[in-house]
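Asker: Pasting in a structure now, in structure tokens, and then I'll have a few things to ask.
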Amino acid sequence: MKKRLIGLTIVVTLIIGVFSFSAIAKTTLNILATKPQSAMIDNFGSEWEEISGVKINKIEVPYPVIFDKVMTDFITGTGAFDAICVCAGWMGDFVGGGWIMSLDELMEKYGYPEWEDTAPAIQKVVNWAGKTYALPFDGDCHNFYWRKDALENPVYQVKFEKEYGYRYNIPPKTWEEVKDIAKFFNGWDWDNDGEIEHGIEFIAKRKTQAQWSLMDVAAQYTVLRGKTDKYHGVLFFDPETMEPLINTPGWIEGMKMLQELAKHGPPGLLSYGYSENRITFVKGTCAMVFDWGDIGVMEQDPEKYGSTVKGLVGYSALPGASKVWDREKDKWLYQYNQINFLDFGGWVWIIPKTSKNPDQAYKFITFATNPERSLLEVIGEAYCGANPWRLSHFTDLDGWIDAGWGKESAAGYLEAIQSILEDPEAALDLRIPGTNEYYDYLDLYLSKALAGEMTAEDACKKISEIWENITKKYGRKRQLDLYRESLGLKPLE
């Protein structure tokens, strides 16, 4: 840690010389963020103020309202914010509406701290039609976690094989396996702590990002691997017609599987948002969970998060499926299919066109997300909800160990995330105007399906109808063009 602090001092000294801070002594930056991402300002804002003379005014709002707050400012042209931390999935609204700056000129003018150190998938996330519109901050993707003292117990493995007729893989290869394992470990004290444990948990509560739980599973039955075209690498819409894919057999199968998994979770699972999902798992409730990388950070800190499972957790990319729907052939292909999916796309920093201080906003963000500071953010020392996104985050194993991570845990955690972010065929999250609206209805009818109020077929049909109406409202041709841009496809002639 002493070496890291020395490194930070050197970097600060260099930045002072490059940026010539003394000339902007009375500047105030208005920065909007939600928790825990706003902690980046708490962690490094005072240091920035001291060496630059630039005052930071942190504006913090809850996650459910940040999108509306941003759009209100954009539409009214108030210019209340100089920089904003947003979900990468909202880029379609922001770029499509012409609300935010392309950052290429600022990157050329001031440089960027080791751009080549940014993971390839994250470079794709902040890019739109060949231009950079956001600055990286987070390497969001869902990982699969399992209790090693449960799944790797040889006695339990033998017992499972007798009951189910096969030996499961570690980590599980398919969601079908996960369902059986969850059922096997549900409802008994398999870790001998005197309490009943359960099979699996996931984010399931309405308005807490549950739709990504569904996408994790549905993608395996829906997305064919390969270079992105009409039939490969797409999850949400037909990239030639904008027809929603939500009412196709792959999505329906994914929703059915999520309904099945919910049967083997703890009581109250349907009230689990991301906070409940993470806290209960690290306190030893379940054998398996899938979520963002935050669980790995929380697992390592018994004092702060009450973790009872430090060193007992395995990590991997998401399980695949034993079949995938082929839209071109209109039939199931009974073959192994595994898709890495960049859930949420990560939190990124944008600069509105109405920013009164775009240069200083750019300088602060790059100051706070350079290689050394961003490492502190992702390992938990300066925790702000960010997961690894720089290549150096995956190679500086000593940094993780210095922060209190076990060597085996750090290596496994990083290997799992790196395998996803370096996958050239990883599926991107939805990034078109109205994404928030499309997702809200997906979330609504998923909640009804999980609660048993609707069948998976009826829920997917209803979502598809609403998605069609949203597309018509925004304009099919415009939505199609932007959807293709977001996928890196050329416009249709």
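Quick note: the coordinates plus some simple rules give every number you see, no bench work behind them. As the structure is a prediction and not an experimental result, all values here were calculated from the model. Using ideal geometry, Cβ is built from the backbone for each residue, glycine included, and neighbour counts are taken over all protein chains shown.
Asker: Which whole-Hz ³J(HN,Hα) couplings does the stretch 171-185 yield from phi under the Karplus relation 6.51 cos²θ - 1.76 cosθ + 1.60, θ = phi - 60°, glycine and proline marked x?
Answerer: Values per residue, Gly and Pro as x: x, x, 7, 10, 5, 4, 4, 4, 4, 5, 5, 4, 5, 5, 8 Hz.
Asker: Now a separate question. Would you work out the charge dipole size for the chain about its Cα centre, treating the Cβ of every Lys and Arg as +1 and the Cβ of every Asp and Glu as -1, and quote it to the nearest 20 debye?
Answerer: Details: 52 positive and 71 negative charges, 165 e Å.
About 800 debye.
Asker: Please work out how much length the chain gains when fully extended from Glu303 to Glu328, using 0.36 nm per residue of separation minus the C-alpha to C-alpha distance, in nm with one decimal. If you can, show how the numbers build up before the last one.
Answerer: On the way: separation 25, 0.36 × 25 = 9.00 nm, distance 5.28 nm.
Fully extending the segment from Glu303 to Glu328 adds 3.7 nm.
Asker: Could you tell me the relative contact order of the stretch 127-211? Use alpha-carbon pairs under 8 Å, at least six residues apart, and round to a whole percent. Please list the in-between numbers first.
Answerer: Working: 55 pairs, mean separation 12.6, N = 85.
Worked out over the stretch 127-211, it gives 15 percent.
Asker: I need the per residue convex hull volume for the stretch 143-342, using only the alpha carbons, in cubic angstrom as a whole number. Mind showing how you got there, number by number?
Answerer: Working: hull volume 23.7 nm³, N = 200.
About 118 Å³ per residue, rounded to a whole number.
Asker: Oh, and also: What is the extension gain from Asp193 to Glu457, computed as 0.36 nm multiplied by their sequence separation minus the C-alpha to C-alpha distance, in nm to one decimal?
Answerer: Working: separation 264, 0.36 × 264 = 95.04 nm, distance 4.06 nm.
Result for the pair: 91.0 nm of gain on full extension.
Asker: Please give every one of the lysines within straight-line cross-link reach of Lys159, meaning a C-alpha to C-alpha distance under 25 Å, and leave out same-chain neighbours fewer than 8 residues apart.
Answerer: Of all the lysines, those that pass the test against Lys159 - Cα under 25 Å, at least 8 places apart if same chain - are Lys148, Lys173, Lys179, Lys183, Lys263.
Asker: Can you tell me which aspartates and glutamates have their Cα less than 19 Å from the Cα of Lys477? Leave out same-chain residues fewer than eight positions away.
Answerer: Result set, ordered by chain and number: Asp93, Asp229, Asp238, Glu240, Glu243, Glu437, Glu465, Glu468, Glu485, Glu493.
Asker: So for His142, His198, His232, fewest C-beta neighbours within 10 Å to most, what's the order? The partial results should precede the final answer.
Answerer: Working: His142 24, His198 21, His232 15.
So the ranking, lowest neighbour count to highest, is His232, His198, His142.
Asker: Alpha carbon centre of the stretch 321-337 versus the stretch 267-284: separation in Å?
Answerer: Between the Cα centres of the stretch 321-337 and the stretch 267-284 lies a distance of 33 Å.
Asker: Could you check the spin-label model distance between Thr72 and Lys148? Points 7 Å from the Cα along Cα→Cβ, value in nm.
Answerer: 4.9
Asker: Additional query: Give, as ranges by residue number, the residues of the stretch 68-85 whose backbone N falls under 17 Å from the point 7 Å along Cα→Cβ of Arg478.
Answerer: 71-72, 74-77
Asker: Alpha carbon centre of the stretch 33-76 versus the stretch 391-461: separation in Å?
Answerer: Going from one Cα centre to the other spans 24 Å.
Asker: So which lysines can Lys26 reach, going by Cα to Cα under 30 Å and dropping same-chain residues fewer than 8 places off?
Answerer: The qualifying lysines are Lys35, Lys55, Lys58, Lys69, Lys109, Lys353, Lys356, Lys363.
Asker: Right, another one. Would you calculate the convex hull of the Cα atoms in the chain and tell me its volume per residue in Å³? Write down the numbers at each step before the final one.
Answerer: Values: hull volume 67.6 nm³, N = 493.
Enclosed volume per residue, from the Cα hull, is 137 Å³.
Asker: Could I ask something else about it? So how do 437-445, 97-105, 326-334 stack up, highest first, on mean other-Cβ count within 10 Å? Working shown, then result.
Answerer: Values: 437-445: 19.9, 97-105: 16.0, 326-334: 11.9.
Highest mean packing first, the order is 437-445, 97-105, 326-334.
Asker: How do Arg484, Arg167 line up, fewest other C-beta atoms within 10 Å first? Walk me through the intermediate numbers first.
Answerer: Details: Arg484 20, Arg167 10.
Fewest-to-most ranking of Arg484, Arg167: Arg167, Arg484.
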